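Taking it in order: structure first as structure tokens, then the write-up.
The values are calculated or read from the model by the stated rules, or taken from the named source; none is laboratory data. Not measured: the values here are computed from a predicted model. Here the Cβ positions follow ideal geometry from the backbone for every residue, glycine too, while neighbour counts run over all protein chains shown.
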Amino acid sequence: MVRTRRILTILCATAAILSAAAASGAEPIRITVGAAGKDTINRNIYGHFSEHLGRCIYGGFYVGEKNTLVPNTRGMRNDVVQALRKLHIPLLRWPGGCFADTYHWKDGIGPKENRPTIVNTWWGGVTEDNSFGTHEFLDLCEQLGAEPYISGNVGSGTVQEFADWIQYVNFGGIGPMANLRRKNGHDAPWAVKYWGVGNETWGCGGNMTAEYYANIYRMYTTFASSSWGKSPIFRIASGAGGGDYHWTEVLMRDVPHWMLDGVGLHHYAARWGSMGPATGFPDEDYYDTMKRAWQMEELVNGHAAIMDKYDPNKKVALAVDEWGGWYAVEPGTNPGFLYQQNTMRDAVLAGMTLNVFNNRADRVRMANLAQTVNVLQAVILTDSVHMLLTPTYHVMEMYVPHQDAVLLPVSFASPMIYAGKDTMKAVSVSASKDRNNITHISLVNVDLRVAHEIQLAVGDGVKKVSGRILRSGKVQDHNTFEKPDAVKPAEFRGAKVEGGMVKLTLPACSVVMLTVN
Ligand code: AHR
């Protein structure tokens, strides 16, 4: 084991030296960004996910109104809400995840003292007192200015329960569920547009076959009537795990497209069975994670190609409603809580993955990073009254200008990284033009050692460029409650305009966002 690691380290070092040598005499990478595009980057690509898992809801978003020192508005942490508002968080998925297919929504409405206490069987076997339910979630979304995305219970629920939930939140007329909502203090209906029909129905949501689930999906959506609300709902089928292309094929083939608005896809950059630590990892772990993260590009293209076959007009969206890095939990924490720290590795992973989504804006119209607070690749960590923003938060914040901007075509050939037996692209780029005609270009250098010279030809020419950068001394660097600003964005002064082009050196292991006009 030790010997293998030594050989790997030597291989990595040799590879780094070779690629550094290549880069020192290398030609600059020439990147062309088109002047116009046809697809809009749907802001929902920048969506998040909140599950009743560990300290995501309880302690993360919600502390209740009583017995807490944390400043809150109707129980929602003010610090977390304010931080997420700066991300212009467009969409929040809830209540799971695996939890969703055990969740009976009627447990979470009405006076809190009457709500049943249940066991969270998926996540740590802890007590769930249902004090955060439908009203609280929709209040949270209103405080955040985010659209709610509710995942319905297919695995252990019923068609009736699912249809009733939609009526409860969306129906303005007289009816048993709408009346119950009024009795519980909310007269006007909300207008919840996004509804998931089960979660991972191939796994924790029921271990179904694709063919069986396609029929179940048809039945659920038959009764999930759009007429409960003023506008039609957007129905998202539980999608494939990673490269299960058969799953997408069956859904696209067997479900009539008038019943289908989105098909999910889940992919985590995780070394299943032998998770490494979230911090203090060796370089080979970093490259292993990045290789798995780059798979997102292949997966999105693969699933999109199947969807194109059945839906050439791209009516159905690909919704990557769970993604992110997944490592071993922090030592001493409950293994069922999936609490992990977040380093520059996660920043690079996020920047590169978001570029993949942007570049497939024609088909990827929703994505949800797992999970917003205190779970997996969180953007925020909390500890009692304290809160910190992770490097992933900063990338999400730097990428805000891409939301709802027009995707611009980008062409270039990335240099490759040779780490051990793995090769992968070193540089990832996406570009967009906002409604004020300003171009935003996000560049990520995955390489840990080699900086890259870049020449950017942008549209009809460039007059001015400015930028921001996220980088740190080591890829393992992260923010702690003692040093919450150890990793944070800075002004990027390394880009200049020369001969109508932008020239810059993209530092190793960095995320840069340029503003060009
Ligand atoms: O995000 C954690 C879990 O990962 C979700 O509950 C499940 O959908 C996925 O397997």
Exercise. Got a number for residues in region 475-507 being under 24 Å from the mean Cα position of the chain (by Cα) and of a type outside the set (Val, Ile, Thr)?
Worked result: 11
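Quick grid of which residues meet (1) at pLDDT below 95; (2) surrounded by fewer than 17 Cβ atoms within 10 Å (Cβ to Cβ); (3) closer than 22 Å to GLN341 by Cα; (4) more than 14 Å from the ligand (Cβ to nearest atom):
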residue	(1), (2), (3), (4)
SER50	no, no, yes, no
GLU65	yes, yes, no, yes
PRO71	no, yes, no, yes
ARG74	no, yes, no, yes
ARG93	no, no, yes, no
ALA100	no, no, no, no
TRP123	no, no, yes, no
ASN130	no, no, no, yes
GLN143	no, no, no, yes
Problem set entry | Selected residue (criterion: surrounded by the fewest Cβ atoms within 10 Å (Cβ to Cβ)) from residues of region 306-328 that are within 14 Å of the ligand (Cβ to nearest atom) and aromatic (Phe, Trp, Tyr) | TRP326
Exercise. Is there a residue in region 244-257 that is within 16 Å of the ligand (Cβ to nearest atom), outside any strand (DSSP E or B) and of a type outside the set (A, V, I, L, M, F, W, C)?
Worked result: yes
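Being assigned to a loop (DSSP other than H, G, I, E, B) and surrounded by fewer than 24 Cβ atoms within 10 Å (Cβ to Cβ) is the filter; apply it to region 339-373 and report the residue that is nearest to the ligand (Cβ to nearest atom).
Within region 339-373, the match that is nearest to the ligand (Cβ to nearest atom) is TYR339.
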For this session: Any chance you could count how many residues in region 374-433 are in a loop (DSSP other than H, G, I, E, B) and among the small types (Gly, Ala, Ser)?
Result: 7
Seminar exercise, completed: Selection over region 452-491 where residues are within 16 Å of MET513 (Cα to Cα) and small (Gly, Ala, Ser) yields a count of 5
Seminar exercise, completed: The residue from ALA178, ALA214 that alone is farther than 22 Å from GLY110 by Cα and of a type outside the set (S, T, N, Q) is ALA214
Exercise. Within region 202-211, can one find any residue that is outside any loop (DSSP other than H, G, I, E, B), at pLDDT 95 or above and within 26 Å of the chain's Cα centre (by Cα)?
Worked result: yes
Problem set entry | Leading residue by the ranking (nearest to GLY34 (Cα to Cα)) among those in region 366-385 that are under 12 Å from the mean Cα position of the chain (by Cα) and not hydrophobic (A, V, I, L, M, F, W, C) | ASN368
